[in-house]
Amino acid sequence: MKSFDKIAEDTQVQILNRVKTMDGDMSGIEGYLNLRDSKKTMTFMASVDDNGKWEHVSVSYNGETKKLPSWTEMCAVKDVFWNPEEEVHQIHPKESQYVHGYGRKENILHLWRPVSGWSEEE
(Lines give C-alpha, C1' and ligand atoms only; values in the text may rest on other atoms or scores of the structure.)
Protein backbone atom coordinates (compact mmCIF):
# COMPACT_ATOMS: atom_id res chain seq x y z
CA MET A 1 0.00 0.00 0.00
CA LYS A 2 1.18 3.51 -0.67
CA SER A 3 1.97 5.59 2.40
CA PHE A 4 -0.94 7.59 3.79
CA ASP A 5 1.01 10.78 2.99
CA LYS A 6 1.44 9.69 -0.65
CA ILE A 7 -2.28 8.84 -0.89
CA ALA A 8 -3.12 12.30 0.50
CA GLU A 9 -1.16 13.91 -2.38
CA ASP A 10 -3.56 12.41 -4.95
CA THR A 11 -5.96 15.11 -6.17
CA GLN A 12 -8.82 12.57 -6.19
CA VAL A 13 -8.58 12.20 -2.39
CA GLN A 14 -10.01 14.50 0.28
CA ILE A 15 -9.00 13.30 3.74
CA LEU A 16 -11.42 14.13 6.55
CA ASN A 17 -9.91 12.12 9.39
CA ARG A 18 -6.56 10.57 10.24
CA VAL A 19 -6.93 7.62 12.60
CA LYS A 20 -4.10 6.96 15.06
CA THR A 21 -3.24 4.10 17.36
CA MET A 22 -2.80 4.56 21.12
CA ASP A 23 0.94 4.98 20.45
CA GLY A 24 0.23 7.88 18.08
CA ASP A 25 1.14 5.94 14.94
CA MET A 26 -1.00 6.47 11.85
CA SER A 27 -3.32 3.47 11.38
CA GLY A 28 -5.82 4.81 8.87
CA ILE A 29 -7.43 7.61 6.93
CA GLU A 30 -11.05 8.38 6.05
CA GLY A 31 -12.52 10.77 3.54
CA TYR A 32 -13.98 11.34 0.10
CA LEU A 33 -12.80 9.96 -3.21
CA ASN A 34 -13.63 11.77 -6.45
CA LEU A 35 -12.46 9.39 -9.17
CA ARG A 36 -11.67 11.04 -12.49
CA ASP A 37 -14.04 8.82 -14.51
CA SER A 38 -16.89 8.70 -11.99
CA LYS A 39 -19.69 11.22 -11.58
CA LYS A 40 -20.43 10.27 -7.96
CA THR A 41 -18.37 10.95 -4.87
CA MET A 42 -17.36 7.92 -2.80
CA THR A 43 -16.53 7.70 0.86
CA PHE A 44 -13.52 5.61 1.82
CA MET A 45 -11.69 4.25 4.80
CA ALA A 46 -8.13 2.99 4.39
CA SER A 47 -6.34 1.20 7.20
CA VAL A 48 -3.82 -1.37 8.31
CA ASP A 49 -5.83 -3.89 10.35
CA ASP A 50 -5.41 -6.95 12.56
CA ASN A 51 -2.23 -5.88 14.36
CA GLY A 52 -0.57 -4.67 11.18
CA LYS A 53 -1.21 -7.81 9.11
CA TRP A 54 -3.72 -6.53 6.53
CA GLU A 55 -4.00 -3.45 4.33
CA HIS A 56 -7.67 -2.60 3.82
CA VAL A 57 -9.73 -0.07 1.87
CA SER A 58 -13.52 0.12 1.98
CA VAL A 59 -15.48 2.27 -0.47
CA SER A 60 -19.10 3.16 -1.03
CA TYR A 61 -21.00 5.92 -2.75
CA ASN A 62 -21.58 9.00 -0.65
CA GLY A 63 -25.22 9.54 0.31
CA GLU A 64 -28.19 7.24 0.09
CA THR A 65 -27.89 4.81 -2.80
CA LYS A 66 -28.19 1.08 -3.28
CA LYS A 67 -25.62 1.09 -6.10
CA LEU A 68 -22.24 -0.57 -5.64
CA PRO A 69 -19.02 0.70 -7.23
CA SER A 70 -18.33 -0.87 -10.64
CA TRP A 71 -15.34 -3.04 -11.55
CA THR A 72 -13.78 -0.06 -13.38
CA GLU A 73 -14.25 2.14 -10.31
CA MET A 74 -12.75 -0.50 -8.01
CA CYS A 75 -9.72 -0.73 -10.34
CA ALA A 76 -9.35 3.06 -10.04
CA VAL A 77 -9.63 2.78 -6.23
CA LYS A 78 -6.89 0.14 -6.28
CA ASP A 79 -4.67 2.51 -8.28
CA VAL A 80 -5.16 5.34 -5.77
CA PHE A 81 -4.19 3.27 -2.73
CA TRP A 82 -1.72 0.65 -4.01
CA ASN A 83 1.28 0.53 -6.32
CA PRO A 84 0.82 -0.93 -9.83
CA GLU A 85 2.50 -4.28 -9.08
CA GLU A 86 0.78 -4.91 -5.74
CA GLU A 87 -1.91 -7.59 -5.89
CA VAL A 88 -5.14 -6.72 -4.09
CA HIS A 89 -8.17 -8.99 -3.52
CA GLN A 90 -11.86 -8.52 -2.93
CA ILE A 91 -12.57 -11.34 -0.49
CA HIS A 92 -15.87 -13.15 -0.08
CA PRO A 93 -15.76 -14.64 3.44
CA LYS A 94 -17.55 -17.67 4.83
CA GLU A 95 -21.20 -16.90 5.52
CA SER A 96 -20.55 -17.29 9.25
CA GLN A 97 -17.96 -14.48 9.08
CA TYR A 98 -19.88 -12.14 6.80
CA VAL A 99 -20.63 -8.64 8.10
CA HIS A 100 -23.77 -7.00 6.71
CA GLY A 101 -23.00 -3.32 6.43
CA TYR A 102 -20.38 -1.26 8.22
CA GLY A 103 -21.11 1.72 10.43
CA ARG A 104 -24.83 1.46 9.67
CA LYS A 105 -24.11 1.68 5.94
CA GLU A 106 -24.84 -1.01 3.37
CA ASN A 107 -23.44 -1.40 -0.16
CA ILE A 108 -19.76 -1.20 0.73
CA LEU A 109 -17.00 -3.02 -1.14
CA HIS A 110 -13.65 -3.90 0.42
CA LEU A 111 -10.15 -4.46 -0.98
CA TRP A 112 -7.54 -6.40 1.02
CA ARG A 113 -3.84 -7.23 0.84
CA PRO A 114 -1.54 -8.81 3.43
CA VAL A 115 1.10 -6.25 4.49
CA SER A 116 3.81 -8.73 3.49
CA GLY A 117 2.10 -9.44 0.14
CA TRP A 118 0.48 -12.60 -1.20
CA SER A 119 2.79 -15.63 -1.21
CA GLU A 120 2.98 -15.74 -5.02
CA GLU A 121 3.92 -12.05 -5.37
CA GLU A 122 7.49 -11.34 -6.32
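The values are calculated or read from the model by the stated rules, or taken from the named source; none is laboratory data. Being a predicted model, the structure only gives us computed values, none of them experimental. Ideal geometry is used to build each Cβ from the backbone, glycine not excepted, and the neighbour counts take in all protein chains shown.
With the requirement that a residue be closer than 26 Å to residue 34 by Cβ, at pLDDT below 90 and either in contact with a Lys or Arg (Cβ under 7 Å, 6 or more places away or on another chain) or of a type in the set (D, E, K, R) (or both), what does the range 90-122 give you?
104, 105, 106, 107
What's the number of the only condition in (1) exposed (fewer than 12 other Cβ atoms within 10 Å of the Cβ); (2) modelled with pLDDT of 95 or more that residue 87 fails to meet?
Among (1) exposed (fewer than 12 other Cβ atoms within 10 Å of the Cβ); (2) modelled with pLDDT of 95 or more, the lone unmet condition for residue 87 is (1).
Evaluate the range 66-73: report whether one residue or more is acidic (Asp, Glu) and more than 21 Å from residue 86 (Cβ to Cβ).
no
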